[in-house]
Amino acid sequence: MLKTISPANFSGNVTVPSSKSINHRAIIAASLTSGTSHLSNVSLSDDIRATIGAMEQLGADIKIDGSNLEIQGIPATSFLSHSEEEIVIDCAESGSTLRFLIPILCLFPRKFRLLGRGKLLERPLTPFEPILAANRIGFDFGSEAILIDASQDQLVAGHYHLPGNVSSQFLTGLLFALPLIVGDSKITIDGPLESVGYIDLTLQTLAEFGIEIEHANYQEYRIEGSQSYSAKDCSIEGDYSQAAFFLVANYLGHALTLLGLRENSLQGDRAIIDFLRKLDEAVEGGQPLVIDGSQCPDIIPVFTLAACFAKVAVHIVNVERLRIKECDRLAATVLELNSLGANLVEHEDWIEVHPIDHLIGGVTVSSHNDHRMAMMLAVAGSICQKSISITQAESVSKSFPHFWEVYQEIGGIAQ
């Protein structure tokens, strides 16, 4: 789908979709209970539908009524029934679904084939390799499918290590699975942990569903075994990852009121508020600004757009993990914004931003089939001097299926 974006002024209210990160976690936790949970304000993006489908394949009974889910957890017998029949799970393009799921699958005496689309199966899974090997669980991280064979040996309690400079999704997957195992476990993080905010969300969700985990400064996690998930009814809060696009729009001169956000949220992407404040302070002081993006990589493309107009040089550092998202977001952000008239320089793990007065536009840019790139470019297009066209604009369905409808409701022009 090609979308042509013309300059326009945004105004009005935006009800921010519920947090994709919390949706994933709540659906999985509810599916691991022995009772029935009710989740409200669920945003059914492609990624969330992938997690729903995965938990259904494992035995959860999930009924969808608009934005409400009724989830009957996986029967306890499912964790005991051995079968040679392979269970196939489609993770679509959802890295959270895939990485959260792998340790959970290792609780079942079954064989699994995990499918994916886009670049999902190219994204690294190596931190799981020594863990699976130590538990004698068969695996093949192939380019066509991920194979997990826990039919003979399953995940057991133990002391596990994970590097801190990889996605927090690996740690979250283990934190979901290990409390259900007989025996206590420990996870040690080697090196500083990135994306701490996502682990806060994991620990918060686990606690809400009855799972207790102790940690020492996010570097060591002590997990009591033989715990049980408890059914719960909850409403999912608004998503700061999606709010970032509209907050940056306001920074660029639009006038939007955002609804549905929790002011004291633990979401790491709430950092967008602090980042934009620092831009203002840097402009007032006339001093260059260094922003560390290691804890919140998903908001970096749209923050980079804002940084272009800061009137001071901005260095956005420690963002190498942008290269292993749905696309190489570091390279794509620099390429596409420069094509609109920005002045960015790509480095191995940081972006050098030089100030500009305006974006020109008048070109076709690529979303790289990446939802966050498409939405960032949509905001950029609203302030360009000339119209732009965005390729693969349908990619927004991965996290925000109604983005283009909302975009037009607030005054955006997208044809």
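Tell me, yes or no, whether segment 129-136 has at least one residue that is over 25 Å from the mean Cα position of the chain (by Cα) and part of a strand (DSSP E or B). Taking every residue of segment 129-136 in turn, none turns out to be over 25 Å from the mean Cα position of the chain (by Cα) and part of a strand (DSSP E or B).
Can you spot a residue in segment 58-70 that is more than 30 Å from Glu85 (Cβ to Cβ), of a type in the set (D, E, K, R) and in contact with a Phe, Trp or Tyr (Cβ under 8 Å, 6 or more places away or on another chain)? Within segment 58-70, none of the residues are more than 30 Å from Glu85 (Cβ to Cβ), of a type in the set (D, E, K, R) and in contact with a Phe, Trp or Tyr (Cβ under 8 Å, 6 or more places away or on another chain).
All of (1) assigned to a helix (DSSP H, G or I); (2) under 28 Å from Val182 (Cα atoms) hold for Leu121 with one exception: (2).
Evaluated against (1) touching a Phe, Trp or Tyr at 6+ places or on another chain (Cβ under 7 Å); (2) surrounded by fewer than 23 Cβ atoms within 10 Å (Cβ to Cβ), Asn135 falls short on exactly one condition, (1). Among the residues of segment 102-118, those that are in contact with a Phe, Trp or Tyr (Cβ under 7 Å, 6 or more places away or on another chain) and outside any loop (DSSP other than H, G, I, E, B) comprise Ile102, Pro103, Ile104, Leu105.
Of all residues in segment 285-323, those that are open to solvent by 10 Å² or more (accessible area, probe 1.4 Å) and hydroxyl-bearing (Ser, Thr, Tyr) total 1. Scanning segment 1-16 for residues that are part of a loop (DSSP other than H, G, I, E, B), closer than 20 Å to Ser387 by Cβ and open to solvent by less than 30 Å² (accessible area, probe 1.4 Å) gives Ala8, Phe10. Of all residues in segment 305-323, those satisfying the criterion of being under 20 Å from the mean Cα position of the chain (by Cα) and either in a loop (DSSP other than H, G, I, E, B) or at pLDDT below 95 (or both) are Asn318, Val319, Arg321. Criterion first (more than 24 Å from Ile71 (Cβ to Cβ), at pLDDT 95 or above and of a type in the set (A, V, I, L, M, F, W, C)) does Leu289 satisfy it? Taking the combined requirement at face value, the residue satisfies it.
Residue-by-condition table, conditions (1) in contact with a strand residue (DSSP E or B) (Cβ under 9 Å, 6 or more places away or on another chain); (2) modelled with pLDDT of 95 or more; (3) surrounded by fewer than 21 Cβ atoms within 10 Å (Cβ to Cβ):
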{"residue": "Gln154", "(1), (2), (3)": "no, yes, yes"}
{"residue": "Tyr160", "(1), (2), (3)": "yes, yes, no"}
{"residue": "Ile187", "(1), (2), (3)": "yes, yes, no"}
{"residue": "Glu214", "(1), (2), (3)": "yes, yes, yes"}
{"residue": "Asn217", "(1), (2), (3)": "no, yes, yes"}
{"residue": "Lys232", "(1), (2), (3)": "yes, yes, yes"}
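Contact map, segment 301-317: residues that are over 19 Å from Ala374 (Cβ atoms) paired with residues that are surrounded by 24 or more Cβ atoms within 10 Å (Cβ to Cβ) and among the hydroxyl-bearing types (Ser, Thr, Tyr), Cβ distance under 7 Å, separation 6+ or inter-chain. Pairs shown: Ile316/Thr304.
In this structure, does Phe128 turn out to be aromatic (Phe, Trp, Tyr), in contact (Cβ under 8 Å) with a residue 60 or more places away in the chain, open to solvent by less than 10 Å² (accessible area, probe 1.4 Å) and touching a helix residue (DSSP H, G or I) at 6+ places or on another chain (Cβ under 8 Å)? For Phe128, the condition - aromatic (Phe, Trp, Tyr), in contact (Cβ under 8 Å) with a residue 60 or more places away in the chain, open to solvent by less than 10 Å² (accessible area, probe 1.4 Å) and touching a helix residue (DSSP H, G or I) at 6+ places or on another chain (Cβ under 8 Å) - is not met.
Note on segment 194-295: enclosed strands (runs of 3 or more DSSP E) holding 2 or more residues that are touching a residue at least 60 places away in the same chain (Cβ under 8 Å) are 233-235, 255-259. Per this entry, Glu336 is counted among residues that are within 21 Å of Ile390 (Cα to Cα), touching a residue at least 12 places away in the same chain (Cβ under 8 Å) and not basic (Lys, Arg).
Taking segment 146-193 as the search range and keeping residues that are more than 26 Å from the chain's Cα centre (by Cα) and in a strand (DSSP E or B), which one is nearest to Pro109 (Cα to Cα)? Checked segment 146-193; the qualifying residue nearest to Pro109 (Cα to Cα) is Asp149.
Put simply, of Phe170, Phe100, Phe141 the only residue that is hydrophobic (A, V, I, L, M, F, W, C), touching a helix residue (DSSP H, G or I) at 6+ places or on another chain (Cβ under 8 Å) and free of Cβ contacts under 8 Å to residues at least 24 places away in the same chain is Phe141. For the condition open to solvent by 60 Å² or more (accessible area, probe 1.4 Å) and within 24 Å of Pro179 (Cα to Cα), Ala150 does not qualify.
Within segment 37-52, the set of residues being touching a strand residue (DSSP E or B) at 6+ places or on another chain (Cβ under 6 Å) and farther than 11 Å from His24 by Cα comprises Ser37, His38, Leu39, Ser40, Asn41.
With respect to being surrounded by fewer than 19 Cβ atoms within 10 Å (Cβ to Cβ) and either closer than 27 Å to Asn13 by Cβ or modelled with pLDDT of 95 or more (or both), His254 falls outside the description.
Given (1) open to solvent by less than 30 Å² (accessible area, probe 1.4 Å); (2) modelled with pLDDT under 95, where does Gln267 come up short, assuming only one miss? With (1) open to solvent by less than 30 Å² (accessible area, probe 1.4 Å); (2) modelled with pLDDT under 95 applied to Gln267, the lone miss is (2).
The values are calculated or read from the model by the stated rules, or taken from the named source; none is laboratory data. Owing to the predicted nature of the structure, the values given are computational and were not obtained by experimental measurement. We place every Cβ from the backbone using ideal geometry, glycine too, and count neighbours over all the protein chains shown. Just so you know, the surface numbers come from the protein's heavy atoms only, side chains and all, with ligands and any DNA or RNA stripped out. Shrake-Rupley method; radii C 1.70, N 1.55, O 1.52, S 1.80 Å.
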